[in-house]
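Read the structure below first, then the notes.
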Amino acid sequence: MRVAIASAEAMRELGRRIGDRSRAGDLVVLTGLLGAGKTVVAQGIGAGLGVAGPVTSPTFVIARVHRDGRLPFVHVDAYRLGGIDEVDDLDLDTELAESVTAVEWGGGLVERLSDAHLRVDLDRRDDDVRDVVLTATGERWTRDDLAVIAGS
Ligand SMILES: Nc1ncnc2c1ncn2[C@@H]1O[C@H](COP(=O)(O)OP(=O)(O)OP(=O)(O)O)[C@@H](O)[C@H]1O
Ligand SMILES: [Mg+2]
């Protein structure tokens, strides 16, 4: 499922639609270059889960857990992680089943933590519009789910 998103606000709303529909155990993999909008999508997911505190880029702490929403929201920035071993060191799998986990820069690193994941690929075009590609792996998200999340 592919959609063009023209503003940060619309990007946040896309994230909110993910958060609104999230269940315990969900894994969302956010990919895209610097400034593509990964954190904005994570902020929307947090909003959809009812997280009140600010969802900011966790770059310097790598992972942050927000516990004030409908489900725990684990927000990870894997940018500085060296590889699979360091992902394992975070012990994300201990929280995964009870939480909603979103991982910036998670492509190729965290997919194996779960049977199913939602991948959100963000590509910033020259005109600043973001091309967003939603891909579901596993049984969790249907095509209809993706269409609703895309806003189409
Ligand atoms: N669709 C959009 N159109 C225009 N601006 C956007 C859009 N989405 C996000 N932005 C803006 O792009 C900037 C960077 O977004 P964000 O911090 O979410 O990127 P990021 O992918 O998390 O970057 P990093 O790799 O540094 O973590 C923010 O100022 C945000 O408001
Ligand atoms: Mg970010």
Antiparallel %, DSSP beta bridges [both residues in the chain], to 5: 55 percent
For the range 108-120, 3J(HN,Hα) per residue [Karplus equation, 6.51 cos²θ - 1.76 cosθ + 1.60, θ = phi - 60°, Hz, x = Gly/Pro]: x, 10, 10, 4, 6, 5, 9, 5, 10, 8, 9, 9, 10
Highest mean first, how do 18-26, 42-50 rank when packing is the count of other Cβ atoms within 10 Å averaged over residues? 42-50, 18-26
Within the range 51-152, report the chymotrypsin sites (Phe, Trp or Tyr not before Pro) that DSSP leaves as loop and that have at most 13 other Cβ atoms within 10 Å. PHE60
Total charge dipole magnitude, the chain, about the Cα centre, Cβ charges on Lys, Arg, Asp, Glu only, Debye to nearest 20: 480 debye
For the range 127-135, what does the Karplus curve 6.51 cos²θ - 1.76 cosθ + 1.60, with θ = phi - 60°, yield as ³J(HN,Hα) per residue in whole Hz, taken in order and with x for Gly and Pro? 8, 6, 5, 9, 7, 10, 10, 9, 10
Volume per residue (Å³) of the convex hull spanned by the alpha carbons of the chain is 97 Å³
Once you keep just the Cα pairs under 8 angstrom separated by 6 or more residues, what percentage relative contact order results for the chain? 32 percent
Leaving out ligands and nucleic acids, note down the accessible area per residue over the chain with a 1.4 angstrom probe, in whole Å². 48 Å²
HN-Hα couplings for the range 63-76 via Karplus (6.51, -1.76, 1.60; θ = phi - 60°), in whole Hz with x for Gly/Pro, come out as 9, 9, 10, 9, 10, 9, x, 4, 9, x, 10, 9, 10, 10
For the chain, which whole percent of the accessible surface, found with a 1.4 angstrom probe, sits on carbon and sulfur atoms? 49 percent
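The values are calculated or read from the model by the stated rules, or taken from the named source; none is laboratory data. Here the structure is a predicted model, which is why all the values come from computation and not from measurement. Glycine gets a Cβ as well: all are built from the backbone with ideal geometry, and neighbour counts include every protein chain shown. Only protein heavy atoms, including side chains, enter the accessible area calculation; ligands, DNA and RNA are left aside. Shrake-Rupley method; radii C 1.70, N 1.55, O 1.52, S 1.80 Å.
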